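J.: My questions will all concern the structure given below.
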Amino acid sequence: MPAMALLSGAIETLINQVLSFDPDSQQRLEKLNHACLSVFIEGVPNGITLHFADKVEVSIENDAFEALEQNLAAQHCCIKTQLAVLPELKETSQLTRLIQQKKLYLEGDINVAQQASALFKELDIDWEEQLAKYTGDVFAHQAFSTAHRLFDSLTEFATKGQRIAANAVVEEKELAAHKLAVLHFCDEVSDLRNDVERFEVRLAQLESHIS
Amino acid sequence: MSDHQSVDKTLPAQGQQTTTDFGYKQVDKSSKASMVAGVFDSVAAKYDVMNDVMSMGVHRLWKRYTVDCAAVRKGQHVLDLAGGTGDLAAKFSRRVGPTGSVTLADINLSMLKVGRDKLRDQGLIQNLEYVQADAEALPFADNTFDLVTMAFGLRNVTEKQNALNSIFRVLKPGGRLLVLEFSKPTLEPVSKIYDWYSFHVLPKMGELVANDSESYQYLAESIRMHPDQETLKEMFEKAGFENCDYQNLTSGIVALHRGYKF
């Protein structure tokens, strides 16, 4: 069974479902009308191509990046990057830096990559409303309020725990140095390095003077 | 007696044949098209539902794989033969864009109407055409299409070789044909389970969901009468296709044949 077909089907369903949750996404999708974005991840044998029409179609690319970039049509952008770099592509201002650092190879229409990035970056989904469609407003509101309270409590608990642990390690058990002590030590090391450098220069001058 | 043994083995030599298979029955060649039409008139309304039920949704993956293998590009012209309810045509329509075109052709008007309504409901109108056409005598000029696909349609054609010849004619040089069709399972255990499913479960499902067991009995029989992978590949080559190959999907229950016109 072609597992890649299953994977592309799952990705396509997920993308279209998520886009359907944001009513404004259709407007952004129209800007990409009939553009294509091919994405290749280093180490993954096949790339995927997103075809932007009234909805997003996802297909598996059988050609390699090098073969595809030779035959790019208008409104087709082809990128090759690493998995770790993918999240950085959300910031369109970072594209040039990534290309210069050779973390991103981009061929074709850069506008397509920027608009596709904007399509997903500007997603504004009211998850509470989505849940309310299935459970009703009251349950959805309660569920989200509880989730928010729980999240806030967990965040507070984590912050407090971190503070207590830091205090125990630094002050009570003295297992680690205090942040200020580390900074002071770093400054002293820096001063010492400068002194040594000055001494080396002076020594060199004296040697040249004697000889 | 097994289902396979009921096939008439005493056929006259090729070239003298006046009959052809309709499932396991031998019927006059001139009447097969109308009998197949009867089957699809009967199932058209529930075709998509039955496909999902019978294949447990796997037909969507087979079709998706076919579309991916087609590697269609913007501005290309695609003929989806025996396109039925337009599953492939919808995907091609989005991929070729407004500068390309997709022609959905089917010999059966009922299926074509269901496909047209379904695609229009999805908002797909601008690059789609609908043509009622016989695959054996395609009403298109020579060298018209970049790609021709035929999913689960070839086995219903009376003279399969004529259909392949006709497709070869309408393809542009450099164009390719993809035929997705039921085939012969490559593993014996799969084959046994598949036979049992086809002849015992499938007609009952047809009866239950579409109130039509005979059409689904025909479906099972027509699959067994369809040429196996190697035979169909030879038919491709006989029609003039080059670089022909095939890929077995789900242990050969379905095969995707591909050939190029150079």
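The values are calculated or read from the model by the stated rules, or taken from the named source; none is laboratory data. Since this is a predicted model, take the numbers as computed values, not measurements. In this analysis, Cβ positions are derived from the backbone assuming ideal geometry, glycine residues included, and neighbour counts consider all displayed protein chains. Heavy atoms of the whole protein, side chains included, go into the accessibility calculation; ligands, DNA and RNA do not. Shrake-Rupley method; radii C 1.70, N 1.55, O 1.52, S 1.80 Å.
J.: Taking the stated definitions as given, is B:Asp146 open to solvent by 60 Å² or more (accessible area, probe 1.4 Å) and either free of Cβ contacts under 8 Å to residues at least 24 places away in the same chain or among the acidic types (Asp, Glu) (or both)?
T.: Spelling it out, it is not the case that B:Asp146 is open to solvent by 60 Å² or more (accessible area, probe 1.4 Å) and either free of Cβ contacts under 8 Å to residues at least 24 places away in the same chain or among the acidic types (Asp, Glu) (or both).
J.: For the stretch B:107-124, state whether one or more residues are away from chain A (no Cβ under 14 Å), farther than 15 Å from A:Phe52 by Cα and part of a loop (DSSP other than H, G, I, E, B).
T.: yes
J.: Within the stretch B:153-164, is even one residue in a helix (DSSP H, G or I), touching a helix residue (DSSP H, G or I) at 6+ places or on another chain (Cβ under 7 Å), open to solvent by 10 Å² or more (accessible area, probe 1.4 Å) and at pLDDT 95 or above?
T.: Within the stretch B:153-164 (the criterion being in a helix (DSSP H, G or I), touching a helix residue (DSSP H, G or I) at 6+ places or on another chain (Cβ under 7 Å), open to solvent by 10 Å² or more (accessible area, probe 1.4 Å) and at pLDDT 95 or above), the answer is no, since none of the residues qualifies.
J.: Identify, please: which residue in the stretch A:174-211 is of a type outside the set (A, V, I, L, M, F, W, C), closer than 30 Å to A:Ile164 by Cβ and assigned to a loop (DSSP other than H, G, I, E, B) and is, among those, most open to solvent (accessible area, probe 1.4 Å)?
T.: From the stretch A:174-211, those of a type outside the set (A, V, I, L, M, F, W, C) are A:174, A:178-179, A:184, A:187-188, A:190-191, A:193-195, A:197-198, A:200, A:202, A:205, A:207-209, A:211; that's our starting set.
Still in the list and also closer than 30 Å to A:Ile164 by Cβ: A:174, A:178-179, A:184, A:187-188.
Filter again for assigned to a loop (DSSP other than H, G, I, E, B), leaving A:174, A:178.
Details: A:Glu174: 142, A:His178: 79 Å².
Checked the stretch A:174-211; the qualifying residue most open to solvent (accessible area, probe 1.4 Å) is A:Glu174.
J.: Let me ask something else. Only residues that are charged (D, E, K, R) and part of a loop (DSSP other than H, G, I, E, B): list them for the stretch B:212-262, please.
T.: If the condition is that a residue be charged (D, E, K, R) and part of a loop (DSSP other than H, G, I, E, B), then B:Asp212, B:Asp228, B:Lys261 are the ones that fit.
J.: Would you please list the contacts, defined by Cβ atoms under 6 Å and residues six or more apart or on different chains, that run from a residue in the stretch B:44-66 that is more than 12 Å from chain A (Cβ to nearest Cβ) to a residue that is part of a helix (DSSP H, G or I) and of a type in the set (Val, Ile, Thr)?
T.: Qualifying pairs under 6 Å: B:Ala44/B:Val114; B:Met50/B:Val209; B:Val53/B:Val209.
J.: So in the stretch A:43-90, with the set limited to residues that are touching a residue at least 24 places away in the same chain (Cβ under 8 Å), over 20 Å from B:Arg94 (Cα atoms) and not aliphatic (A, V, I, L, M), which one is nearest to the other protein chains (Cβ to nearest Cβ)?
T.: A:Asn46
J.: Going by the conditions given, is B:Ser198 of a type in the set (S, T, N, Q), surrounded by fewer than 19 Cβ atoms within 10 Å (Cβ to Cβ) and either closer than 18 Å to B:Phe152 by Cβ or touching a helix residue (DSSP H, G or I) at 6+ places or on another chain (Cβ under 8 Å) (or both)?
T.: no
J.: If you don't mind, there's one more thing I want to ask. What are the residues in the stretch A:127-179 that are basic (Lys, Arg) and at pLDDT below 90, if any? Write out each step before concluding.
T.: Our first condition is that a residue be basic (Lys, Arg); within the stretch A:127-179, this holds for A:133, A:149, A:160, A:163, A:173, A:179.
Once the filter is applied, which keeps residues that are basic (Lys, Arg) and at pLDDT below 90, the stretch A:127-179 yields A:Lys133, A:Lys173, A:Lys179.
J.: Within the stretch B:89-105, does at least one residue satisfy the condition of being more than 9 Å from every other protein chain (Cβ to nearest Cβ), at positive phi and over 16 Å from the mean Cα position of the chain (by Cα)?
T.: The answer is no, given that none of the residues of the stretch B:89-105 is more than 9 Å from every other protein chain (Cβ to nearest Cβ), at positive phi and over 16 Å from the mean Cα position of the chain (by Cα).
J.: Using beta carbons and a limit of 7 Å, which pairs, at least six apart or on different chains, have the first residue in the stretch B:112-128 and over 15 Å from B:Ala82 (Cα atoms) and the second one open to solvent by 50 Å² or more (accessible area, probe 1.4 Å)?
T.: B:Gly123/A:Asp54; B:Gln126/B:Pro98; B:Asn127/B:Pro98
J.: Could you tell me how many of the residues in the stretch A:76-101 are among the polar types (S, T, N, Q) and open to solvent by less than 80 Å² (accessible area, probe 1.4 Å)?
T.: 4
J.: B:Leu187 versus (1) closer than 19 Å to B:Trp62 by Cβ; (2) within 19 Å of the chain's Cα centre (by Cα): which is the lone unmet condition?
T.: Tallying (1) closer than 19 Å to B:Trp62 by Cβ; (2) within 19 Å of the chain's Cα centre (by Cα), B:Leu187 fails exactly one: (2).
J.: Take the residues in the stretch A:1-32 that are within 11 Å of chain B (Cβ to nearest Cβ) and in contact with a Phe, Trp or Tyr (Cβ under 7 Å, 6 or more places away or on another chain); name whichever of them is nearest to B:Gly252 (Cα to Cα).
T.: Here the residue is A:Pro2.
J.: Condition test on A:Lys55, is it open to solvent by 20 Å² or more (accessible area, probe 1.4 Å) and in contact with a strand residue (DSSP E or B) (Cβ under 6 Å, 6 or more places away or on another chain)?
T.: no
J.: Might you let me know whether the stretch B:114-130 holds any residue that is modelled with pLDDT under 90 and crowded, with 23+ Cβ neighbours inside 10 Å?
T.: yes
J.: So which of B:Leu208, B:Leu219, B:Leu256 ends up being within 27 Å of B:Ala90 (Cβ to Cβ), away from every other protein chain (no Cβ under 14 Å) and not basic (Lys, Arg)?
T.: Among B:Leu208, B:Leu219, B:Leu256, only B:Leu219 is within 27 Å of B:Ala90 (Cβ to Cβ), away from every other protein chain (no Cβ under 14 Å) and not basic (Lys, Arg).
J.: Looking only at the stretch A:142-168, which residues are in contact with a Leu (Cβ under 9 Å, 6 or more places away or on another chain) and either open to solvent by 100 Å² or more (accessible area, probe 1.4 Å) or over 23 Å from A:Val18 (Cα atoms) (or both)?
T.: Scanning the stretch A:142-168 gives a single hit, A:Ala168.
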